[in-house]
Amino acid sequence: MPELPEVETTRRGIAPHLVGRTIERLVCRVPQLRWPLPEETIPLAGQQVLVVERRAKYLLLRCSNGTLILHLGMSGHLHLVAAGTPPQAHDHVDLVFTDGSALRFNDARRFGALLWTPDDPHRHPLLVELGPEPFAAEMDGAYLYRRSRGRKGAVKPFIMDQQVVVGVGNIYASEALFRAGIDPCRPAGSIGLARYERLAAAICDVLTEAIAAGGTTIRDFTDAGGRPGYFRLQLKVYGREGEDCPACGRPIVCARLAGRSTYFCRKCQN
DNA sequence: ATAATAACCTGAGGGC
DNA sequence: TGCCCTCAGGTTATTA
């Protein structure tokens, strides 16, 4: 479910409520997430939350003695609950604070993850191989051009590869390629520098606009306050098979690339 | 090394 | 109403 804008929206929602709070304990009702949650090995009691960061689609709760690494998977949500709020279906984990309120993790499909590291989280095996943030200065057209040389796979899976650039998922990949006028099926290595410059800009633009709108809610994404994101209204192609292309009026088509639905306009993208 | 596929889960929606 | 099928915003493991 969550791509970079949804994770960033979540971070902004929870951070003001977490920073400076002291953790009392971790309550785990269902430890079977992407990896079994080793609850007893996470020494959270008495620690303070110092800052809440985002790296790629991961949230990093920097605490006094280490970092809680969180991934929302496809269906994960975080929200804050008052003391005594009874858990509902798929409320798997609570991070309980000393006043009894809690950060609650809900994840129907359980593809999400919670991990603890006492070390620099950026050196954690899950994070160390990640590509640059889309807004980093180094992530420009020249970078994408260089990384794509010799790659025969389609450009859409290429920009969704978290080792190339992080944060771009299935929705925003289609949207960015539409904005850049690039056919998502084209081999990544066959695209020139000028078009990668357009693509790099399009990725930044669409992610920035989506963050400003609070993310995209297709099915069930909500922010920490339970509100949906409104960028769905601004999607040009994703989920719009058969509708008119907003630029030329021809029907938007859907293809399957690397197992993922891919939406584009045959006339405007080539 | 690269790229496609299966797998991990639950729930919603469509067709019959 | 129920059953079976497909699909879903992600990532990892396995297979060519």
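The values are calculated or read from the model by the stated rules, or taken from the named source; none is laboratory data. Remember, it's a predicted structure, so these values are computed and weren't measured experimentally. Cβ coordinates were reconstructed from backbone atoms using ideal geometry, including for glycine residues, and neighbour counts include every protein chain displayed.
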I'd like to know if the range A:230-237 contains one or more residues that are in contact (Cβ under 8 Å) with a residue 60 or more places away in the chain, farther than 30 Å from A:Leu103 by Cβ and more than 14 Å from DNA strand B (Cβ to nearest atom). yes
Provide a single number: the residues in the range A:1-31 that are in contact with a strand residue (DSSP E or B) (Cβ under 9 Å, 6 or more places away or on another chain) and under 17 Å from A:Cys204 (Cα atoms). 7
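Yes/no matrix, rows are residues, columns are (1) polar (S, T, N, Q); (2) in contact with a strand residue (DSSP E or B) (Cβ under 8 Å, 6 or more places away or on another chain):
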{"residue": "A:Asn170", "(1), (2)": "yes, yes"}
{"residue": "A:Ala201", "(1), (2)": "no, no"}
{"residue": "A:Gly214", "(1), (2)": "no, yes"}
{"residue": "A:Ile218", "(1), (2)": "no, no"}
{"residue": "A:Val237", "(1), (2)": "no, yes"}
{"residue": "A:Ala255", "(1), (2)": "no, yes"}
{"residue": "A:Tyr263", "(1), (2)": "no, yes"}
List the pairs whose first member sits in the range A:123-150 and is without any contact (Cβ under 8 Å) to a residue 12 or more places away in the chain, whose second member is surrounded by 13 or more Cβ atoms within 10 Å (Cβ to Cβ) and part of a loop (DSSP other than H, G, I, E, B), and whose Cβ atoms are under 7 Å apart, counting only residues at least 6 apart or on separate chains? A:Glu138/A:Pro132
Could you look through the range A:1-42, keep only residues that are over 30 Å from A:Phe135 (Cβ atoms), surrounded by 16 or more Cβ atoms within 10 Å (Cβ to Cβ) and not hydrophobic (A, V, I, L, M, F, W, C), and pick out the one that is farthest from DNA strand C (Cβ to nearest atom)? A:Glu24
Taking the range A:128-161 and keeping residues within 15 Å of DNA strand C (Cβ to nearest atom) and assigned by TED's automatic domain parsing to the domain that holds A:Tyr196 leaves A:Arg151, A:Lys152, A:Gly153, A:Ala154, A:Lys156, A:Pro157, A:Phe158, A:Ile159, A:Met160, A:Asp161
Filter the range A:174-198 down to residues that are assigned to a helix (DSSP H, G or I) and within 13 Å of DNA strand B (Cβ to nearest atom) and give me whichever is surrounded by the most Cβ atoms within 10 Å (Cβ to Cβ). A:Ala188
Can we say A:Arg110 is in a loop (DSSP other than H, G, I, E, B) and either aromatic (Phe, Trp, Tyr) or on the phi > 0 side of the Ramachandran plot (or both)? yes
